């Protein structure tokens, strides 16, 4: 069951990433929904699932982006493992710590990708801090929306129509 959940979350995040790609192309906005999904997987199911989710998500993103295959996969695998370790060591159920973890994961992922690409090219290209900080903020915000949705939507669905407001009903 966990494997289907990991694959489902990754497929959904890749589909959303592709749907929003036209809004993020050009460097104005940068958001990595696959990284948010990897962090979600790692926090929910642990470091092993984070590794699997990071590998599948990163390699899929690499294959679809046309860049060097393996760079994003390796970075997201490492990030997925460490987010899972942090999630298993600390109680991370509130929105603020989750957002902080996703923000840190975004920074680490970006720096890892930059370091791997620089090691391949044998030169450090530098870090574009405004782009990286914008991506960090947008990823943290999307993580907040994702985690809040996961926490509240099932509870609303369980309530069902029988417990909704009784406004307008007469009680005899």
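Here are some notes:
- Between the helical axis of 71-89 and the longest alpha-carbon principal axis of the chain there is an angle of about 50 degrees.
- Between helix 47-65 and the chain: long-axis angle, C-alpha atoms, 0 to 90°, nearest 10: 70 degrees
- Cα-based helix-to-principal-axis angle, 129-159 vs the chain, degrees rounded to 10: 30 degrees
- Mean Cβ neighbour count within 10 Å, used as a protection proxy, ranking 45-53, 116-124 highest first: 45-53, 116-124
- Helical contribution to [θ] at 222 nm, DSSP H n ≥ 4, -39,500 (n - 2.57), averaged over the chain, rounded to 500: -26000 deg cm²/dmol
- Candidate values (i) 60; (ii) 52; (iii) 42, label of the one derived for percent of Cα pairs over 23 Å apart: (iii)
Every read-out reported here was derived from the displayed coordinates using simple, explicitly stated rules and does not represent laboratory data. Here the structure is a predicted model, which is why all the values come from computation and not from measurement. Neighbour counts run over all protein chains shown; Cβ positions are idealised from the backbone, glycine included.
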